[in-house]
Amino acid sequence: MTTRRTRGPYAKTAAKRQEILDAALAAYAEAGSRGVSVRDIAQRVGMTDAGVLHHFGSREALLTAVIEARDTAASETYSPETVLWRTELLAQNAATPGLVKLFLDIAAASADPDHPGHAFFTERYRGLRLQIAALLAAGPPPGLGPAGPVADADAEWAGRILLAATDGLQLQWLLEPSIDMAGDIGRLRDVLLDVLDKQRERQPGPADTP
């Protein structure tokens, strides 16, 4: 009996947090680039601003959790291979400028070690770099890029460049929506892979070593 009583409040709290996050994701997805207030989110779930923030501790923690929820939803829909080789995720982002702006705002703010999102974004970028590097090191699909795997050091470098370009393009796109983010990143990826392939061809093989 005691176990059942203690589980109830925790389950309700988790459910309410998820309800708030779902409402926040919907609000940002519908908002364009004008932004969303805590009050906008609170009204969607029938709560006060203070009630919403109570479940997260602060506005910054709430917004970081929204980005985490966005990433979780994306990972359930798109595999790392799909994101790197076909870039559908960037094309989808173009339909939700509010979420793109929120991501860039929170990512920039998280550079402060005291920001609630600092650990999340640090691990996020590290994990994405490793994912991209692993995909490149394993070798692109047939017909795309090098005919074989990319060297580990080159794969890590390419991962950093692709991530940096992606975030930079999202900012430019918010200012100039005619920019084709997915197309631009796809072209950059192809150029990087082509350069790495040519670089590998110029390197001497074991038989060429004196």
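Table for the structure above
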quantity	calculated
Order by protection proxy (mean Cβ within 10 Å, highest first), peptides 25-31, 163-169	25-31, 163-169
Mean separation of Cα contacts under 8 Å, 6 or more apart, over the residue count of segment 13-62: relative contact order %	34 percent
Exposure ranking of 21, 128 by accessible area [1.4 Å probe, largest first]	128, 21
Largest-first ordering by accessible area, 1.4 Å probe, given options 60, 123	123, 60
Fraction of accessible area attributable to carbon and sulfur, segment 1-122 (%, probe 1.4 Å)	54 percent
Cα centroid separation, segment 46-114 to segment 123-140 (Å)	20 Å
P(r) weight above 12 Å for segment 56-114, C-alpha pairs, percent	71 percent
Where N is the number of residues in segment 1-131, Cα Rg divided by 2.2 N^0.38 Å	1.15
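The values are calculated or read from the model by the stated rules, or taken from the named source; none is laboratory data. A quick note: this is a predicted structure, and the numbers were derived from the prediction, not measured. Ideal geometry is used to build each Cβ from the backbone, glycine not excepted, and the neighbour counts take in all protein chains shown. Remember, those area values only see protein heavy atoms, side chains included, never the ligands or the DNA or RNA. Shrake-Rupley method; radii C 1.70, N 1.55, O 1.52, S 1.80 Å.
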